[in-house]
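The values are calculated or read from the model by the stated rules, or taken from the named source; none is laboratory data. Keep in mind it's a predicted model, so treat the numbers as computed, not measured. Positions of Cβ are generated from backbone atoms using ideal geometry, with glycine treated the same way; all protein chains shown enter the neighbour counts. Heads up: the accessible areas ignore ligands, DNA and RNA and are worked out on the full protein's heavy atoms, side chains in. Shrake-Rupley method; radii C 1.70, N 1.55, O 1.52, S 1.80 Å.
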Amino acid sequence: MTRPLQITVLGATGSIGLSTLDVVSRHPERYSVFALTGFSRLAELRTLCVQHRPRYAVVSDETQSLVLQDQLQRDGLATRVLSGEGGLSEVAAHPEVDVVMAAIVGAAGLKPTLAAVRSDKRVLLANKEALVMSGALFMQALRDSAAVLLPIDSEHNAIFQCLPPNYSRGLAAVGVRRVLLTASGGPFRDLAPEFLADVTPEQACAHPNWSMGRKISVDSASMMNKGLELIEACWLFDARPHQVEVVIHPQSVIHSMVDYVDGSVLAQLGNPDMRTPIAHALAWPERIDSGVSALDLLQIGRLDFQAPDDLRFPCLRLARLAAENGGTAPAMLNAANEVAVDAFLNRRIRFTEIASIIDDVLNREASVPTDCLEDVLAADRQAREIAGAWLSRNGR
């Protein structure tokens with residue numbers, strides 16, 4: 001019998017991390033948890049360590065690591081606790097690890113995800129910012145390695161499933177006209193734009209279909225999440241921005257589609273549960289039980305589609321602009337959005353000012369080509385400084 005695959009879960013206490021561990025626990029003969037990481041939810045991470053008994057755990061700083069190490073020792077665990085960016089990269093690149101779930105939200109996930117790629121792991125990519133910030137560098141690192149990259153976002157996973165195996169030859173070469181990214185439209189898809197300035201963080205986080213963290217829930221409400229996915233799709237599938245179209249689909253049953261030149265449109269359908277793409281990527285090219293119930297189309301009854309409204313969702317327009325400009329523009333877009341969303345969640349700005357901050361950053365700093373990771377990180381820092389200055393002038 002072959003040994004179970006050793007899995008590191010970056011971002012174990014988030015929704016993707018928890019869903020990953022749920023799938024893994026259903027197949028103990030196939031998978032074993034090697035390392036779990038969490039930023040500040042020590043209690044939750046401790047519980048997960050007790051449940052899954054990893055060899056390593058990683059937290060944000062040394063003080064937290066000492067606290068968790070003491071707790072786990074009292075729990076009778078031999079788990080070693082590491083900290084910081086170095087600890088994240090260590091468990092992502094460890095020679096005994098086979099699979100890395102990259103589910104850290106935001107720019108913090110970039111370096112450990114790159115470490116996993118450069119160490120030839122099977123990388124399950126849920127951290128879209130890694131590609132948004134450093135797409136060219138990331139894809140070059142992938143080509144230079146023996147790593148396997150599998151998308152976890154439900155939309156990109158759906159596209160992956162609908163493309164032919166040889167799509168790396170180029171979309172035109174395999175008869176693809178365009179890819180269609182579906183979007184739920186979030187909680188404000190039917191709200192008149194004039195009311196958006198007064199929505200609260202609680203309303204923005206109340207997603208109608210998916211259970212997600214607060215940051216990604218706000219991104220879904222603004223449709224910046226779909227804008228980041230557009231940029232990510234361009235890198236994953238070697239598509240130009242004009243080949244990626246966003247379609248609002250309120251039921252979130254069709255996760256995305258691929259339109260072929262012969263008129264065929266292939267779609268991947270399923271209940272809105274992230275365990276489906278996680279199980280697909282964990283077992284690919286095989287299929288395993290994910291714990292997700294079977295889709296009942298008769299109960300759903302109808303599938304609706306509409307075009308996104310630029311007036312209601314200016315973040316989507318800004319993301320497409322950044323994709324077209326390339327270079328450091330996507331990294332600046334992402335950094336400005338992270339600052340703006342944090343400010344909105346802390347009630348320093350209105351919901352509509354998220355787009356205002358991003359627009360200001362993109363207009364104040366010209367995009368330049370990225371030749372190395374430091375170029376990307378410098379653009380990230382510069383964008384955060386500009387966004388911070390906007391908040392100093394205009395924030396509450």
Subset of segment 195-214 [charged (D, E, K, R) and at pLDDT 90 or above]: ASP198, GLU202
Quick check on segment 170-179. Is at least one of its residues loosely packed, with under 15 Cβ neighbours inside 10 Å and assigned to a helix (DSSP H, G or I)? yes
Could you check how many residues of segment 201-230 are assigned to a loop (DSSP other than H, G, I, E, B) and either in contact (Cβ under 8 Å) with a residue 60 or more places away in the chain or open to solvent by less than 50 Å² (accessible area, probe 1.4 Å) (or both)? 8
Of the criteria (1) within 19 Å of SER32 (Cβ to Cβ); (2) in contact (Cβ under 8 Å) with a residue 24 or more places away in the chain; (3) open to solvent by 30 Å² or more (accessible area, probe 1.4 Å); (4) of a type outside the set (S, T, N, Q), which one GLY76 fails: (2)
Kindly establish whether TRP235 is under 14 Å from the mean Cα position of the chain (by Cα) and on the phi < 0 side of the Ramachandran plot. yes
Across segment 351-396, which residue is nearest to the chain's Cα centre (by Cα) among those that are over 21 Å from GLU324 (Cα atoms) and of a type in the set (Ser, Thr, Tyr)? THR352
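Out of the residues in segment 244-270 that are part of a strand (DSSP E or B) and of a type in the set (Ser, Thr, Tyr), which is least open to solvent (accessible area, probe 1.4 Å)?
Once the filter is applied, the top-ranked residue is SER256.
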Considering segment 343-354 alone, what residues qualify as being part of a helix (DSSP H, G or I) and open to solvent by 10 Å² or more (accessible area, probe 1.4 Å)? LEU345, GLU353
Criterion (more than 24 Å from CYS372 (Cβ to Cβ) and either assigned to a helix (DSSP H, G or I) or not small (Gly, Ala, Ser) (or both)) met by exactly one of LEU137, LEU77: LEU77
Quick check on segment 130-141. Is at least one of its residues surrounded by fewer than 24 Cβ atoms within 10 Å (Cβ to Cβ) and touching a Cys at 6+ places or on another chain (Cβ under 9 Å)? yes
Can you name every residue in segment 279-316 that is in contact with a helix residue (DSSP H, G or I) (Cβ under 8 Å, 6 or more places away or on another chain) and either of a type in the set (D, E, K, R) or at positive phi (or both)? ARG287, ASP289, GLY291, ASP309, ASP310, ARG312
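So, ILE278, is that one open to solvent by less than 10 Å² (accessible area, probe 1.4 Å), at pLDDT 95 or above and either touching a Pro at 6+ places or on another chain (Cβ under 6 Å) or of a type in the set (A, V, I, L, M, F, W, C) (or both) or not?
yes
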For the structure I just gave you, tell me whether VAL91 is buried (at least 18 other Cβ atoms within 10 Å of the Cβ) and in a loop (DSSP other than H, G, I, E, B). no
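Considering each residue of segment 231-243, count those that are closer than 15 Å to ARG177 by Cβ and buried (at least 23 other Cβ atoms within 10 Å of the Cβ), and give that number. Spell out the reasoning first.
Taking segment 231-243 and keeping what is closer than 15 Å to ARG177 by Cβ, we get 233, 237-243.
Then drop every residue that is not buried (at least 23 other Cβ atoms within 10 Å of the Cβ), which leaves 233.
The total comes to 1.
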It is to be established whether one or more residues within segment 103-119 are assigned to a strand (DSSP E or B) and either touching a helix residue (DSSP H, G or I) at 6+ places or on another chain (Cβ under 7 Å) or open to solvent by less than 10 Å² (accessible area, probe 1.4 Å) (or both). no
I need the full set of residues from segment 281-323 which are loosely packed, with under 14 Cβ neighbours inside 10 Å and within 21 Å of the chain's Cα centre (by Cα), in order please. none
Checked LEU266, LEU303 against criteria (over 30 Å from ALA366 (Cα atoms) and free of Cβ contacts under 8 Å to residues at least 60 places away in the same chain); the one match is LEU303
Which one of the conditions (1) under 25 Å from LEU269 (Cβ atoms); (2) modelled with pLDDT under 95; (3) not polar (S, T, N, Q) does CYS162 fail to meet, given that it meets all the rest? (2)
What are the residues in segment 13-23 that are modelled with pLDDT of 95 or more and in contact with a Ser or Thr (Cβ under 8 Å, 6 or more places away or on another chain), if any? VAL23
I want to confirm something. Restricting to segment 357-380 and keeping residues that are loosely packed, with under 13 Cβ neighbours inside 10 Å and in a helix (DSSP H, G or I), which single residue is modelled with the lowest pLDDT? GLU374
